[in-house]
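Worksheet: one structure, shown below.
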Amino acid sequence: MGKFTFIFLLFTFFSSHFVASSLGKKQSDVLGQFYKAKQKKFSSISKSYFKAALENVELDKVILPQDGLKEKDWINKLPGQPPVKFQQYGGYVTVNESAGRALYYYFTEAENSKSLPLLLWLNGGPAMASVYVVNMTCQ
């Protein structure tokens with residue numbers, strides 16, 4: 001790549017960064033504007049509290065039997081990983097059986113669960129794998 005091309009690309013990169021940062025808004029600013037708009041007298045934003053609609057739901061149809069699922073989801077060893085001193089589980093939690101929807105979960109017990117009772121729940125997305133690695137390696 002020529003010197004001129006390199007300088008041009010570098011200039012374009014830095015100028016686009018400055019334009020984006022000068023025209024963009026921070027998340028905290030946008031959230032603050034949302035809260036202020038919500039407090040206005042004639043706001044169209046709902047101020048009602050969330051109320052779960054469980055009156056017409058039969059819980060015995062929603063909560064499926066859990067017999068033997070913990071043992072079935074136990075992971076003895078992950079491929080390429082050294083042996084560990086804690087239990088780990090992975091499997092699917094059925095969310096909507098009629099629609100065939102389920103969420104995958106991976107759970108590890110703490111080595112000393114009495115002094116370290118912590119649960120970290122990460123919902124998917126492409127970036128969640130890197131967040132998981134950072135959180136599991138930094139102690």
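Of the residues Glu109, Glu71, the one with the fewest other Cβ atoms within 10 Å heads the list, and the complete ranking is Glu71, Glu109. Each of Val93 and Tyr105 was given a label point 7 Å from its Cα along the Cα-to-Cβ line. The distance between the two points is 0.4 nm.
None of the figures in this text is laboratory data; all of them are computed from the coordinates on show. Please read these numbers as outputs of a predicted model, since none were measured by experiment. When we count neighbours, we look across all protein chains shown, and the Cβ atoms used for this are built from the backbone with ideal geometry, even at glycine.
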